[in-house]
Amino acid sequence: MLPKYKRILLKLSGEALMGDANYGIDHKVITQYAYDIKAVTDLGVQVAIVIGGGNIYRGMNEAETGIERAQGDYMGMLATVINGMALQSGLEKIGLYTRLQSAIKMEQIAEPYIRRRAIRHVEKGRVVIFGAGTGNPYFTTDTAASLRAIEIQADVILKGTRVDGIYTADPEKDSTATRFETITFSEVYQKSLNVMDMTAFTLCQENKLPIIVFDMNKPGNLLNVIMGKNVGTLVKD
């Protein structure tokens, strides 16, 4: 069977990198992610990645942190670069070629984000990791993922989370919650379901970019999604 998608944007949660810890980066999680990503690149799938920074710093609550929102957001952007470097190291350790691009200039460790260069990298089979979000405060890494996916003309956004899709309610709190196999953008709005922040979600809807929410922490799930198996929840028009 051929892969269903040729070019993907994989959105990873920073919190997922903590594993069972309360903070930081779990080597076992990085290793699992790296092998799962290699399994799809071995099929010729072009992969770009946006990763969050919540395992290191989340600065959205000014009242709680005492740090103004814009400053906190920049700190969060730096956290995403640290996570990007960790993932880059894990990928390269198993033989993948990678590029880390940052929306904030830091030439010693990352290329500046240049759209055409990013597209060229994925065309050559390199895994491109986009760090520092959009480079602007007041935007989340969900928005960065949507924006970069549209810019590099990805076929789909794959949002890797701790749950295996979108549910009628929070499955960790409500045992009667049921999973949607597919759902439209309009239904997500109507049911007030939390898939992505509204800016990111609207960007995807306006550009007809489908989203698949799935459990990235289950080994092999990424490959199953790529092959079109019934994993997670597909959001489309």
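The values are calculated or read from the model by the stated rules, or taken from the named source; none is laboratory data. None of these values were measured; they are calculated from a predicted model. When we count neighbours, we look across all protein chains shown, and the Cβ atoms used for this are built from the backbone with ideal geometry, even at glycine. All accessible areas refer to the heavy atoms of the entire protein, side chains included, with ligands and DNA or RNA removed. Shrake-Rupley method; radii C 1.70, N 1.55, O 1.52, S 1.80 Å.
Below is a table of values for the structure above.
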read-out: Estimated FRET transfer efficiency (Ile114, Thr199; beta-carbon r; R0 25 Å; 0.05); value: 0.60
read-out: In Hz, Karplus ³J(HN,Hα) per residue of the range 21-26 (6.51, -1.76, 1.60; θ = phi - 60°; x = Gly, Pro); value: 7, 9, 6, x, 10, 8
read-out: ³J(HN,Hα) computed for each position of the range 120-132 - Karplus, 6.51 cos²θ - 1.76 cosθ + 1.60, integer Hz, glycine/proline x; value: 5, 4, 5, 4, 8, x, 7, 7, 9, 10, 9, x, 6
read-out: Karplus-derived 3J(HN,Hα), 6.51/-1.76/1.60, for each residue of the range 223-237, Hz, glycine and proline x; value: 4, 4, 4, 4, 7, x, 6, 7, 10, x, 10, 9, 10, 8, 5
read-out: Placed amide H near Lys159: partners under 5 Å, 5+ positions off or other chain; value: Lys11, Ile212, Val213, Phe214
read-out: Computed FRET value (nearest 0.05) for Met227 with Glu187, which takes r as the C-beta separation and R₀ as 22 Å; value: 0.30
read-out: Summed residue charge, Cβ within 11 Å of Ile49's Cβ, Lys/Arg positive, Asp/Glu negative; value: +3
read-out: Mean separation of Cα contacts under 8 Å (6+ apart) over length of the chain, as relative contact order %; value: 23
read-out: Residues whose placed amide H lies under 5 Å from that of Ile51, excluding near-sequence neighbours; value: Leu12, Phe130
read-out: For the chain, built as a Gaussian network whose Cα springs stay under 10 Å, the top-fluctuating residue of Tyr33, Tyr189, Tyr74; value: Tyr189
read-out: The range 1-38-the range 113-164 distance, computed between alpha-carbon centres (Å); value: 14
read-out: Net charge dipole size for the chain [Lys, Arg +1 and Asp, Glu -1 on Cβ; Debye, nearest 20]; value: 960
read-out: Selected from Ala48, Ala16, Ala63 as most flexible by GNM, with the chain as the system and alpha-carbon contacts under 10 Å; value: Ala63
read-out: Residues with amide H under 5 Å from that of Arg99, placed H, sequence gap 5 or more; value: Val127, Val128, Ile129
read-out: Fluctuation leader among Asp215, Asp26, Asp164 - the chain, Gaussian network, Cα springs under 10 angstrom; value: Asp26
read-out: Share, in percent, of DSSP beta bridges within the range 98-221 that are antiparallel, nearest 5; value: 10
read-out: Full-extension gain in nm, Asp170 to Lys38, via 0.36 nm per residue minus C-alpha separation; value: 44.4 nm
read-out: DSSP bridge pairs, the chain: antiparallel proportion in percent, nearest 5; value: 10
read-out: Accessible area (Å², per residue) of the range 7-235, counting only protein heavy atoms and a probe of 1.4 Å; value: 47
